[in-house]
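Novice: The structure that follows is given in the form of structure tokens.
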Amino acid sequence: MSQKQIEKKSLEISAIVNFVIAVAGIIMFIITSMQAMFLDGFFSLIAALSNLLAIFFASISKKKNASYPTGMFFLEPFYGIIKALLMLVLLAVSVTQSTMSAVEYWTTGMGETINFWIILPYSVIMVAMCFSLSYFNKQQNKKINNASIMLTAESKSNFVDGVISGGIGLLVLIL
């Protein structure tokens with residue numbers, strides 16, 4: 001398999017798995033009404049959609065034109081930067097929303113009870129899926145001598161998604 005084929009196949013698998021994770025997160029939000037579940041599902045949905053964009057970028061980055069005679073390779077670093085910025089913004093929103101909810105609960109004593117028995121298995125499964133996908137993308141990138149900025153970004157994004165899911169599970173355990 002060529003570098004582009006490995007990259008494309010990895011991104012396709014990432015898109016499918018991220019979509020499954022996103023659907024699970026949105027279903028958990030519907031069941032629990034926890035804001036953290038919405039953010040977790042939304043983060044994964046953005047990851048799935050960005051995978052589709054990455055697949056498109058991977059397919060056109062090798063094409064040459066008058067403006068880019070060696071190919072449009074700038075799209076891959078651009079993708080990595082945009083994905084990193086999006087992750088940072090989403091993490092900031094997540095931390096802010098979670099902190100505000102916790103402060104509201106501690107100051108007013110008002111809040112909804114958390115269904116521990118549904119969130120804990122969800123968190124464990126999502127952490128396993130996210131970390132496995134992160135490892136998969138890292139290994140696929142290693143096969144091509146770490147030549148893909150997009151697979152590096154995906155691997156890190158999946159890892160962060162796993163940390164978010166694990167943090168939700170840990171927070172539920174603590175509360």
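The values are calculated or read from the model by the stated rules, or taken from the named source; none is laboratory data. Fair warning: this is a prediction, and the values are worked out from it, not measured in the lab. Neighbour counts run over all protein chains shown; Cβ positions are idealised from the backbone, glycine included. To get the accessible areas, we keep the full protein, side chains included, count just its heavy atoms, and leave off ligands, DNA and RNA. Shrake-Rupley method; radii C 1.70, N 1.55, O 1.52, S 1.80 Å.
Novice: Which aspartates and glutamates, on any chain, are close to Lys8 with Cα under 18 Å apart, when same-chain ones fewer than 8 places away are left out?
Specialist: Glu76, Glu154
Novice: Take the solvent-accessible surface of the protein heavy atoms, probe 1.4 Å, and return the percent of it on the chain that carbon and sulfur atoms account for.
Specialist: Answer for the chain: carbon and sulfur cover 72 percent of the accessible area.
Novice: Also, quick follow-up: As a check on your grasp of the helix formula, calculate [θ] at 222 nm for the chain: sum -39500 (n - 2.57) over DSSP H runs of n ≥ 4, divide by the residue count, round to the nearest 500.
Specialist: Mean residue ellipticity, 222 nm, calculated: -30000 deg cm²/dmol.
Novice: Another one. Suppose every Lys and Arg Cβ carries +1 and every Asp and Glu Cβ carries -1, with no other charges. What dipole size does the chain come out with about its Cα centre, to the nearest 20 debye?
Specialist: That gives a dipole near 960 debye.
Novice: Okay, moving on. On alpha carbon coordinates alone, what is the Rg over Rh value for the chain, Rh being the Kirkwood radius?
Specialist: Across the chain, the Cα-based Rg/Rh ratio is 1.06.
Novice: Now for a separate question. On the first, second and third principal axes, largest extent first, how far apart are the outermost C-alpha atoms of region 98-175 in Å?
Specialist: So the three principal-axis extents are 54, 24, 13 Å.
Novice: For the chain, what is the accessible area per residue in Å² when the probe is 1.4 Å?
Specialist: Solvent-accessible surface per residue comes out at 56 Å².
Novice: When you count, for each residue, the other Cβ atoms within 10 Å and take the mean per peptide, how do 32-38, 77-83 rank with the highest first?
Specialist: 32-38, 77-83
Novice: Next question. Using a 1.4 Å probe, how large is the accessible area of Ser59, given in Å² and rounded to the nearest 10?
Specialist: 50
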